[in-house]
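Single-structure report; data block below.
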Amino acid sequence: MSSPVHASSVNSSVSQNISLADIITQTARAKTVTGQKVRDIRQVTSKLRILALNALIEAKHAGDKGAGFSVVADEVRSISGEVEGLAKDLGDEIVTLDALTQSLARQSQGARLTDLALNAIELIDRNLYERTCDVRWWATDSALVNHAVIPTAESRAYACQRLGVILDSYTVYIDLWLCDLNGNVIANGRPDRHHIIGRNVHDRLWFSRAATLRSGSDFAVADITTEPLLGNAQIATYATGVRRNGDVNGELVGILGIHFDWQPQAASITKGVRLSDEEKARTRVLMVDAQGLVIASSDGKGLLTEHVRLHTEGKLSGHYSDPHGTMIAFHKTPGYETYAGLGWYGIILQKPV
């Protein structure tokens, strides 16, 4: 039995991020304190140089009696110069350490967000793999096969009843449609949508693709779209052929299309990615199709209208920052089991603090 998608399995190490943030904070604090101490040291050495200079002048006035004091003054001036040099080196080192810490933070956070992008896209892949299994299994149901072969009022009622039973158990679907080879819907699973019966869907991509499949082991799928006959709901439709006697290599007698209720299932994943409350305020979690069209977003914006242009540099996954400092982490669908995926990407956009 299938169930709604949950994002609880999307893991992240929030504690690791907090620890890293602590390191950055402490490094920044050390940089501030060190900078102040360096300035203090330079003020002291500046005073020492002035005192040494005054001492040298007085030693010159004292003549031979001030010769020894002149040597001490020279030594003080030399030491003050060395101390200032050490202070400068210390300041340079702390600046370098701060830069390295910031770089480490970006790399660590980028790797973490990339993992989260992978988890999100993997979770939907695993769910959609089940859809490919469902459609091929249900297409062999005798009620569907018999009604596709001999469509009568009695067989239609039984086919609709069987599809309704499936829908009651598999709540991730909006509706299931059995179509004849001309694209006419001849049975569906929702009693309140029986007006759909008789409508023609031969122009739907999932239908045309399913009509060309060679066996019942194959399936067809189209990218996320809206379906006017379902109130413009966002759907992912998986389809396969209904074949005579339910035989995997039997004669094609109909097409079964199952409409996955995309929007709420995808939203539960993008909104469920494990981020701290502070991060969520400056982060968008997206899924895009192979053309970069936004098909899911944690903020509910840009659905099926916004395009994202990724700079992947030919990589399947990675992260980078845009000119505004926003970190962009991405991972291409790896597929699951026999489901290769559709070239989608999980993406996380995170603005700087």
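Every read-out reported here was derived from the displayed coordinates using simple, explicitly stated rules and does not represent laboratory data. Since the model is a prediction, treat every value here as computed from it, not as a measurement. Virtual Cβ from ideal backbone geometry, glycine too; neighbours counted across all protein chains shown.
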Footprinting exposure proxy for ILE124, ILE196 (fewest neighbouring C-beta atoms within 10 Å first): ILE196, ILE124
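To make sure I understand, if each residue's beta carbon is the centre and we count other beta carbons within 10 Å, what order do HIS259, HIS195 fall in, fewest to most?
Numbers: HIS259 25, HIS195 10.
The order, fewest Cβ neighbours first, is HIS195, HIS259.
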Where the centroid of each part is defined by its Cα atoms, how far is the stretch 165-204 from the stretch 306-353 in Å? 35
Per residue of the stretch 218-229, in order, report the coupling 6.51 cos²θ - 1.76 cosθ + 1.60 (Karplus, θ = phi - 60°) as ³J(HN,Hα) in whole Hz, putting x for Gly and Pro. 9, 9, 10, 8, 10, 5, 4, 8, 9, 10, x, 6
Would you mind counting up the charge near ARG136? Only other residues with Cβ under 12 Å from its Cβ, with Lys and Arg at +1 and Asp and Glu at -1. -2
Long-range amide H partners of VAL253, meaning residues 5 or more apart or on another chain whose placed amide H is closer than 5 Å, are VAL242, ARG243, ARG244
Let me have the relative contact order for the stretch 139-265, percent, based on Cα pairs under 8 Å that are six or more residues apart. 28
Computed ³J(HN,Hα) along the stretch 157-163: with the Karplus parameters 6.51/-1.76/1.60, θ = phi - 60°, integer Hz and x for glycine or proline, the list is 4, 5, 5, 5, 4, 5, 5
By how many nm would the segment from SER217 to GLU278 grow when fully extended, if each residue of separation counts as 0.36 nm and the alpha-carbon distance is taken off? 17.2 nm
Name the residues whose placed amide hydrogens come within less than 5 Å of the amide hydrogen of ARG199, ignoring near sequence neighbours (fewer than 5 apart) on the same chain. VAL185
For ARG309 and HIS194, FRET efficiency with R0 = 56 Å and r from the beta-carbon atoms, rounded to 0.05? 0.80
Using alpha-carbon coordinates alone, the radius of gyration and Dmax of the stretch 274-350 in Å work out to 12.8, 40
Please list the non-local residues whose amide H lies under 5 Å from the amide H of TYR173, H modeled 1.01 Å from N, same-chain partners needing a gap of 5 or more. ASP261
What's the exposure ranking of THR45, THR226, THR212, going from fewest to most Cβ atoms within 10 Å? THR212, THR226, THR45
Using the charge dipole of the stretch 91-196 (Lys, Arg: +1 at Cβ; Asp, Glu: -1 at Cβ; taken about the Cα centre), state which of ALA143, VAL95, ASN127 has its Cα farthest towards the positive end. ALA143
Residue-wise, which Karplus ³J(HN,Hα) couplings in Hz belong to the stretch 337-353, taking 6.51 cos²θ - 1.76 cosθ + 1.60, θ = phi - 60°, and x for glycine or proline? 6, 8, 8, 7, x, 10, x, 6, 10, x, 9, 10, 10, 10, 6, x, 5
